Amino acid sequence: MKVQIEKSFPLAASADAAWALLQDLEAVTQCMPGARITEHVDASHFKGTVGVRVGPASMAFRGEVEVREIDAATRSLHLIGRGTDNTGTSGAAMDLRAHIEPDGPAACKLVGLSEVSVSGKAATFGGRLMSGVADQVLQQFAANFAKRLPPAPQEPVVATPVVATPVVADAAATEPPLTPPIAVAAAATPATITTAMPVAEAPVRDINGLALLWGMVRDWFHHLFEAKRA
Amino acid sequence: MGDMSDLQKREEQLQGMGTSLLRKEDARFIRGQGSYVDDIKLPGMLFGALVRSPYAHARIKGIDKSRALDSPGVVAVLTADDLKPLNLHWMPTLGGDVQAVLADKKVCFQLQEVAMVLATDRYAAADGAALVEVDYEELPAIVDPKKAMDADAPLIREDIAEKKDVGHGPRQHPNHIFTWEAGDKAAADAAFEGAAVTVREEILNPRVHPCPLETCGCVASFNKPTGNLTVYMTSQAPHLVRTVLAMLSGIAESKIRVVGGDIGGGFGNKVPVYPGYVVAIVASIVTGVPVKWIESRIDNISTTGFARDYHGVGELAADADGRIKGLRFTALADHGAFNSHVSASKFPAGLFSICTGSYAIPNAYCRVDAVFTNKAPGGVAYRCSLRVTEAVYLIERMIDVLAQKLNIDKAEIRRRNFVAKEEFPYQTSLGWTIDSGDYAPALEKVLKAVDYDGLRREQVEKRAKGELMGIGIATFTEIVGAGPTKACDILGIGLFDSCEIRVHPTGGVIARLGTMSQGQGHATTYAQIIATELGLPASDIVVEEGDTDKAPYGAGTWGSRSTPVSGAATAKAARKIKDKAKQIAAHLLEVGEGDLEWEVDRFTVKGNPGQAKTMKELCMAAHQGDLPEGMEQGLNAVAYYDPPNMTFPFGAYVCVVDVDKYTGEVKIRRFYALDDCGTRINPMIIEGQIHGGLTEAFAVALGQQVPFDENGNHLGNSLMDYFLPTAVETPHWETDHTVTPSPHHPLGAKGVAESPHVGGIPCISNAVVDAFAHLGVTHMDMPHSAFRVWQQCHALGIDRH
């Protein structure tokens, strides 16, 4: 089960600030909902975990991340990650190429192209949702990434397309007992931040599956009405 | 004595052949008192859970047991390395290949068995299994069999990469298993060259799974002091399994006991020997305590014997009147990662060469190429003799394609090609001798019953209104009852079968057979055969199967072989007993045997019916002193039956469907099934078998499929996705019959369980395609699910208002 996702997120920060953050794998990982670095093997190899939870079902993948390439000239990064879930019933692999495109002095774009493939139970049962899930995860990633950037002169903006953050807010609004609003938006933002501005501390959590589902449903409706209008 | 009403009364008391006797086994089944393998609980029993691979193709770089071993209740973790010292990490398969019992250095299909965790209960075992850490290096997987023999195709089977042959002739590629041919290619090609019309169609029999309600499992119990191994298991062929276990383990076969117990459906899925059984047995030998292993539903659908996955190409050549002159059928067979498909040694493609069907086709050629892919191994016969469904599906679809091409009615084209009654026994151009048949009257009876002409008129009106209605016909010939030992063996063992009958002094009878009921009603059917043969009431006849310590050797129950083979053995054994009883009767009545005649339940003296000895009297007499000179006491016999030929049941089916062109939903409005299985033993059981077979045909035609993604991940291995029809979806079945006895079977019986599956699938498919025939559609692949049928409607642009 493979999906390719290409996304571009406008950021209200200078390309250099965004690039600085992008190179800090620790910080980048922490922007990934549910992701955690557990061990630095060497400069370019890390071990970590990613958790996903959909309702009662939860999966924790542990695996390795390899930084294939960091190119300051093009402000681009190439990561490879692969792992198996801790019950040994699923596998996942991701190939991510991201770069920062300047867009004036105080704005830039985070452009990501990734291929995600999963095996085992995750593919059998999660396959149908996969592109939707990946889409949501990236939007959350972008939202978190934006949060960690030093605010640009004008009023702070979080990642657009606006779907990203509202999704989360709405999800939280509909499911308050399950997860507080920031659970996803500010997932993985420990207080110890080196490269970026400190933000409200929040416990590291799994990707909230219900928020994901809600986001997917929203996008699906959007898509539906767009189709109608077209 | 002797008058009709009295004879009739005595006849009825026997409840023998021809009576719809209620099934003896149902008394316990309907009370929930059947005894299945998971009901077996032995003292000190451990539970085994298998660790399975999430990848379809990967190298195993390491296995870390430590966390599992620390888990509460876990006793041991077995991997291939633990089985090596016993040389049990690989096992022979029924397909002439070998299969990894536990993955040895690499996994070749998703959910392949990698390790077994033994624990004090099944929950602890499952928890332990989740803690075994396996380090995999994923490899590219082959999912599409059409790519298996590409020059750059990944090598799946490193263990046999160098082998030029894996039991069935030369291999052209490391992922090639065998190429099998039948018929005269040159003659077939010539027929095509000179033909007025030819048709060709690519026809897929998708990978499906028999999915019996009870999954596979076993309880293995090795007794160290005695060295005896007892295995309670879900097997359709307990005796063959005992032999395989003896070959595998080196334990004397006399010290191995395999017990079948009650089995919750098999449909072919419970013929092979699976790794889980073997590991459980090894585990019991190693630990010295009983070990239970029971599959989950997902494990069952994902890893045990699947069926079909035949990618076929059908070609017919005919004259302008639609009389078939030539047939060329080929199939690319996806056998998965190990060739563990079940077939007689000399028939690697099963009985595929029955693909000339009910028709007189002078020139025919067929070929099957089997390849390895990174999918579960198997290739069992799902409610059919191996590859018969594939063969019959091809010919019954292709004759419709030919009819459409020539614009000949689909009933008429069959009439024009039927083998005529006087031609039987009929020698097919692919080498079979069809024992008996009478096809035309069967078809006419069905067409009349459903008012075929009226249906066609209705179809014309509906088409004029833009509605989709389809009429499907199948006039199939099955081949069952494997088989003559001169042609059929498995692991060198001939496919004869057996029956041992013991008659007790008071007339009670116990019969033991080498077959194994999985719900077919053997306890009833066999008892009725004996009742008629011996004149003793079926109610007092007990039938036992499945315990290899008790029953005589037999090849088990699959391929509808029980009645054709064991039914015959039962009649033979009963007749031996009857002959002895006759000698005793003659002795007691002081007449010659020639002066006696049989009358329902007794021997009477010709011309003096008052002088008689009932069978009950003779049972007692056989256990007393006053016997003919030199005769031993007792009234027992055992018979082994080696069938001279297969039997060839046939049928004529009609299916009427309505298709919703907006949703693609297919509704079966009417299904009329006429079956001819020769002599009918228990009409009620036959009808039940036909209902079951038609329902499984309905399941395959409209919904069942085991799909994979491009990495070899299963995309439908739970009942959330896999279609198992219930009373809610299943249509109403109308059944009918004709009787054309088999000339070579002692009772004239042919076997029936599979016909409705084999004939039902093409009949439903033909109906669905027929609904689109006027729009130029000649074939649609199964399953005809709403989505797939809607795609056809959409492609034709008829799904819009």
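The numbers here are math on the coordinates, done by the rules we state, and not lab data. The structure presented is a predicted model; accordingly, all values stated were derived computationally and were not measured. FYI the Cβ positions are ideal-geometry reconstructions off the backbone, even for glycines, and counts take in every protein chain you see.
Here are a few things to note about the model shown:
- Shielding of peptide A:119-132 by partners, expressed as the average count of other chain Cβ atoms within 10 Å per residue Cβ, is 5.
- FRET efficiency for the B:Met620 to B:Lys224 pair, using the beta carbon distance and R₀ = 51 Å, is estimated at 0.65.
- Between segment B:690-705 and segment B:723-801, the Cα center-to-center distance that results, in Å: 8
- Here chain B is treated with +1 on each Lys and Arg Cβ and -1 on each Asp and Glu Cβ, and its dipole about the Cα centre works out to around 240 debye.
- Kirkwood-Stokes translational diffusion coefficient of segment B:249-398, alpha-carbon pairs, 4 °C, 1.567 mPa s, µm²/s: 72
- Long pairs among B:Lys106/B:Lys270; B:Lys270/B:Lys572; B:Lys163/B:Lys750; B:Lys146/B:Lys185, criterion Cα-Cα beyond 30 Å: B:Lys163/B:Lys750
- Of the cross-linked pairs B:Lys462/B:Lys667; B:Lys582/B:Lys613; B:Lys41/B:Lys550; B:Lys65/B:Lys105; B:Lys465/B:Lys661; B:Lys84/B:Lys105, those separated by over 19 Å at the C-alpha level are B:Lys41/B:Lys550.
- Value of Rg to Rh for segment B:59-216 (Rh from inverse mean 1/r over Cα pairs, i.e. Kirkwood): 1.12
- Restricting the chymotrypsin sites (Phe, Trp or Tyr not before Pro) of segment B:1-78 to loop positions (DSSP other than H, G, I, E, B) with no more than 16 neighbouring Cβ atoms within 10 Å leaves B:Tyr36.
- Residue-averaged 222 nm ellipticity for the protein assembly as shown, from DSSP H runs of 4+ at -39500 (n - 2.57), nearest 500: -8500 deg cm²/dmol
- Evaluated at q = 0.12, 0.17, 0.20, 0.23 Å⁻¹, the base-10 log of the normalised Debye intensity for segment B:386-492, with identical point scatterers placed on the Cα atoms, takes the values -0.55, -0.96, -1.21, -1.44.
- Equivalent-ellipsoid semi-axes for segment B:677-801 (Cα gyration tensor, √(5λ), whole Å, largest first): 34, 19, 13.
- Amide hydrogen proximity for B:Glu599: with H placed 1.01 Å from N in the peptide plane, the residues at 5 or more positions away or on another chain lying under 5 Å are B:Thr604.
- Shape metrics for segment B:386-441, restricted to C-alpha atoms - Rg then Dmax, Å: 12.6, 33
- Test item: Cα-centred dipole of segment B:572-663, Lys/Arg +1 and Asp/Glu -1 on Cβ, debye: 140
- 23 Å tail of the calculated P(r), segment B:434-569, as % of Cα pairs: 55
- Magnitude of the charge dipole, the protein assembly as shown, Cβ model with Lys/Arg +1 and Asp/Glu -1, debye to 20: 200
- Under the Debye formula (equal points on every Cα, no solvent term), log10 I(q)/I(0) of segment A:43-103 at q = 0.16 Å⁻¹: -0.61
- Scattering curve values for segment B:223-329, log₁₀ I(q)/I(0), Debye with Cα scatterers, q = 0.13, 0.16, 0.21 Å⁻¹: -0.59, -0.77, -1.15
- Kyte-Doolittle mean at least 0.5 and Cα axial length at least 20 Å: DSSP H helices in chain B: B:388-406, B:683-702, B:755-772
- Calculated on C-alpha atoms, the gyration radius of the protein assembly as shown divided by its Kirkwood radius gives an Rg/Rh of 1.04.
- Reported value for chain B: 178 Å³ per residue, from the convex hull of its C-alpha atoms.
- Within segment B:2-34: backbone nitrogen closer than 14 Å to the B:Val591 label point (7 Å, Cα to C-beta): B:2
- Listed by chain and number, the lysines whose C-alpha is less than 18 Å from the C-alpha of B:Lys486, apart from same-chain residues fewer than 8 away, are B:Lys346.
- Euclidean distance of C-alpha centroids, segment B:258-296 and segment B:548-590, integer Å: 31
- The aspartates and glutamates within cross-link reach of B:Lys448, meaning a Cα-to-Cα straight distance under 19 Å and a gap of 8 or more places when in the same chain, are B:Asp409, B:Glu412, B:Asp438, B:Glu458, B:Asp675, B:Asp676, B:Glu734, B:Asp736.
- Cβ-Cβ distance of B:Arg28 and B:Lys163, R₀ of 45 Å, FRET efficiency by 1/(1 + (r/R0)^6): the value works out to about 0.40.
- Charge context of B:Gly607, other residues only, Cβ under 10 angstrom, K/R +1, D/E -1: -1
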